[in-house]
1. Quickly run through segment 341-355 and pick out the residues that are in contact with a helix residue (DSSP H, G or I) (Cβ under 7 Å, 6 or more places away or on another chain) and among the hydroxyl-bearing types (Ser, Thr, Tyr).
2. Taking segment 176-199 as the search range and keeping residues that are under 16 Å from ALA131 (Cβ atoms) and among the acidic types (Asp, Glu), which one is surrounded by the most Cβ atoms within 10 Å (Cβ to Cβ)?
3. The conditions are (1) touching a strand residue (DSSP E or B) at 6+ places or on another chain (Cβ under 6 Å); (2) at pLDDT 95 or above; (3) not aromatic (Phe, Trp, Tyr), and ALA304 fails exactly one of them. Which is it?
4. If a residue counts only when it is within 23 Å of HIS104 (Cα to Cα), which strands (runs of 3 or more DSSP E) contained entirely in segment 155-260 have at least 3 such residues?
5. Among (1) touching an Asp or Glu at 6+ places or on another chain (Cβ under 7 Å); (2) touching a residue at least 60 places away in the same chain (Cβ under 8 Å), where does THR235 come up short?
6. Answer with yes or no whether THR45 is open to solvent by less than 10 Å² (accessible area, probe 1.4 Å), assigned to a strand (DSSP E or B), among the hydroxyl-bearing types (Ser, Thr, Tyr) and under 30 Å from GLU132 (Cβ atoms).
7. Please state which of the following conditions ALA341 fails to meet, knowing it meets all the rest: (1) touching a His at 6+ places or on another chain (Cβ under 7 Å); (2) open to solvent by less than 20 Å² (accessible area, probe 1.4 Å); (3) modelled with pLDDT under 95.
8. Looking at segment 305-317, which of its residues are buried (at least 24 other Cβ atoms within 10 Å of the Cβ) and not β-branched (Val, Ile, Thr)?
Amino acid sequence: MTVEFISAVNVWESSELHPNPGGRPDSAYIRRYARHLEEGGFDYTLVAYHSAGFDPFTVSTVIAACTERIKPIVALRPNTMYPTVAAQALTTLDHLSGGRAVVHIISGGSDAEQARQGDYLGKEDRYARSAEYVGLLRRAWTETAPWSHDGRFYKFDNFQAGFGPVNGTIPVSVGGSSDAAYRVGGALGDIFGLWGEPLRETQEQMDRVSQQARLAGRSDAPRFWVTFRPIIAETDELAWEKARRIIKVVDQTHKSGGFLPNRFRPARPENVGSQRLLRIAEGAEVYDRALWMLPAQVTNAGGASTALVGSYETVAAAILDYIDLGATLVSIRGYDNLNDAIDYGRYILPLVRQELRHREATGQRGAIVPQPPLAPRPARPVPEHAS
C-alpha cells in the first residue's frame, strides 16, 4: 500500500491563530512554504479556491517552479473555466512541473458562494455539470484529432488540445458527502476526498463511494483522501492544553470576521459535509482515539475543521487507524499553518511511515497502534475544553 501526505499552501502569512486579512499573494512566502512542505516529506499540496481568493493555477506554477517532487493539487470549480481551456491549462502545468499536476473538482456547496461568480445552477445540476466536465477533461487529454461535443452544459466544435499530459492523463479528485457526490466521485474520480469524521462514519462513506464505483461498472474504486487539523505536542496532556488555548483564539478569530470573512456564516451551512460534521459534533466532543469535534462547532464546519489531538505517537496512530480503513491519502494542516506543517514533517510523517515499513516487513502492528474499538459511543471521556 502506498500512503501519501497532502498539505495546503498559504499564499501570504496569515492563519487562524495569527490572522492577516486583506493580504496579497507573496511569491517569496509561497516558495518558502512549498520548500518546507517538500523537505518535510509531503507528497502533495492543495491549492485552494474561493470566490474572493487567489488564482490556483498561478500559485501552482510558482510551487512547481521552486520544487522538484511535491505535486500541486489545483482546486477547480467548473463554473470558473471552460473545460477545454482547463484541460489545456492543466496540461501546461503538468508539463512545466514534470508530470506533477493534479486537479480537485469542486462542484460547489453554497448557492450564495456560487452566485458570487454568476453560477445559479442548483446542487444536483452542479454535480451533473461536474460529471460532464470530468469526461471532457479526460477526452481532451487523450484525443489526438479534432473533436466536437454537444452536451447538457457544454458545446464546442473541432477542439484539439495540441498535446497531452506527461503521463497520458492527470489525476482527478472529487469530494463531498452527498448522494450526488458519491455518485459522481465513485463513477469518475481517481481520488475521493473526505473530511475527518469518526472511523465508523468514514467507513460508511467509503463503502458508499465504492458501491457507486461498482454500479458505474468500475473494477476499482477511487483512492480515498481524509483531512484533519492535528494539534500535537510531546504528550497527550500537553497536546490537550495546547488545543484548549488554540480553540479560544480560533473562536475569537471567526467571531470577529477577521479571517476569510465571506466564507463563514452564522446560519447553518447548506452543504451536506458541514451538516454531517455539526451533527456528529452534537453527539460527543471526542471520538475514537483522538478526533476532536469542537473545532467544527466553533467554525460552523466551514471546510475541513476536525482536529486530531494528542502526542506525536497518538496522532500518528490515529492517522494509521484511517489508513487501516483504506485511506491512502492523508491531508493534514494546522492552525499556525506553516509552523504546524514543519512540525508534522518532523514528528508525524516519519512515525506513520516507520510503522508502515514495519508492517510491510513483519506483517505485524507496531507498539504505537493498538486498534481501538469502534463502539460504544461516546468513545472516551474528554478533558474540560474551552467553549
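The values are calculated or read from the model by the stated rules, or taken from the named source; none is laboratory data. Because the structure is a prediction, the values reported are computed rather than measured. No Cβ is skipped: glycine too gets one built from the backbone with ideal geometry, and neighbour counts run over all protein chains shown. Accessible surface areas use protein heavy atoms only, side chains included; no ligands, DNA or RNA. Shrake-Rupley method; radii C 1.70, N 1.55, O 1.52, S 1.80 Å.
1. TYR347
2. Top of the filtered list is ASP190.
3. Here ALA304 meets the rest and fails (2).
4. By residue number, 172-175, 191-195, 223-228.
5. Looking at each condition in turn, THR235 falls short on (1).
6. For THR45, the condition - open to solvent by less than 10 Å² (accessible area, probe 1.4 Å), assigned to a strand (DSSP E or B), among the hydroxyl-bearing types (Ser, Thr, Tyr) and under 30 Å from GLU132 (Cβ atoms) - is met.
7. (3)
8. SER305, ALA307, LEU308, GLY310, ALA316, ALA317
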